[in-house]
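Undergrad: Quick one: the structure is below, questions incoming.
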């Protein structure tokens with residue numbers, strides 16, 4: 001688990017299905033314009049269980065870390081965030097993606113969650129670079145990235161299939177050597193993660 005001041009990030013469990021499906025379903029119209037096309041079984045229990053198993057496999061192979069974002073007392077699911085495509089060797093890099101449920105948007109939760117994940121990636125995983133991408137007109141996501149000290153790096157044409165068509169994306173990145181303003185004045189996030197994670201039922 002990773003801890004921020006207002007958020008807790010933990011890996012998904014089978015028992016999270018109901019809360020996850022409810023939040024995704026109620027936020028669907030809010031999320032779909034910014035996400036890849038939802039498959040027909042996007043909210044099915046079986047699809048969620050496959051997500052959990054894939055998250056377990058990614059941790060075991062060191063290629064990714066998927067987290068659910070909860071409020072500080074873990075009473076409410078807020079969204080999700082993931083480090084993916086972790087590359088070692090000469091790259092030491094990863095991609096980050098995230099989503100927030102509509103009732104919890106624009107309250108600073110995702111910006112803090114991204115800061116927590118950046119600290120984890122650089123301080124615990126010893127990565128060198130994290131990349132992110134978002135639609136150029138997604139002002140909310142661009143704001144989240146700015147609050148986590150990501151820098152704009154360019155535009156990728158036809159980068160990802162979003163909501164049914166390939167769309168240009170604004171590219172962002174942060175390096176381990178970049179200043180992380182939230183760490184000033186003793187505000188670094190507490191961090192820990194359970195080794196050997198297995199999904200709970």
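Undergrad: Would you please give the FRET efficiency between residue 131 and residue 74, computed as 1/(1 + (r/R0)^6) with r the Cβ-Cβ distance and R0 = 41 Å, to the nearest 0.05?
TA: The computed FRET efficiency comes out at 0.90.
Undergrad: Label points 7 Å out from Cα along the Cβ direction at residue 153 and residue 25: separation in nm?
TA: 3.9 nm
Undergrad: Using a simple spin-label model with points 7 Å from Cα along the Cα→Cβ vector, what separation in nm is obtained for residue 165 and residue 47?
TA: About 2.3 nm separates the two model spin labels.
Undergrad: Please report, in whole Å, how far the alpha carbons of the chain spread along each principal axis, starting with the longest.
TA: Over the chain, Cα extents along the principal axes are 41, 39, 35 Å.
Undergrad: Let me ask something else. Quickly work out the residue 183-to-residue 13 label distance, labels modelled 7 Å from Cα along the C-beta direction, and quote it in nm with one decimal.
TA: Going by the 7 Å Cα→Cβ label model, 3.1 nm.
Undergrad: With the calculation restricted to Cα positions, what are the radius of gyration and Dmax of segment 1-63 in angstrom?
TA: That works out to 13.3, 37 Å for Rg and Dmax.
Undergrad: Counting only C-alpha contacts under 8 Å and six or more residues apart, can you give the relative contact order of segment 2-186 as a whole percent?
TA: Worked out over segment 2-186, it gives 21 percent.
Undergrad: Among 79-92, 7-20, what's the highest-first ranking by average C-beta atoms within 10 angstrom per residue?
TA: The most tightly packed comes first, giving 7-20, 79-92.
Undergrad: Also, quick follow-up: Students often check this: by mean Cβ neighbours within 10 Å, which of 127-140, 154-167 ranks highest, and how do the rest follow?
TA: Result, highest mean Cβ count within 10 Å first: 127-140, 154-167.
Every number in this text was worked out from the coordinates using simple rules, so none of it is lab data. Note that the structure is predicted; figures quoted are calculated from it, not measured. Methodologically, a virtual Cβ is constructed for each residue, glycine included, from the backbone with ideal geometry; neighbour enumeration extends over all protein chains shown.
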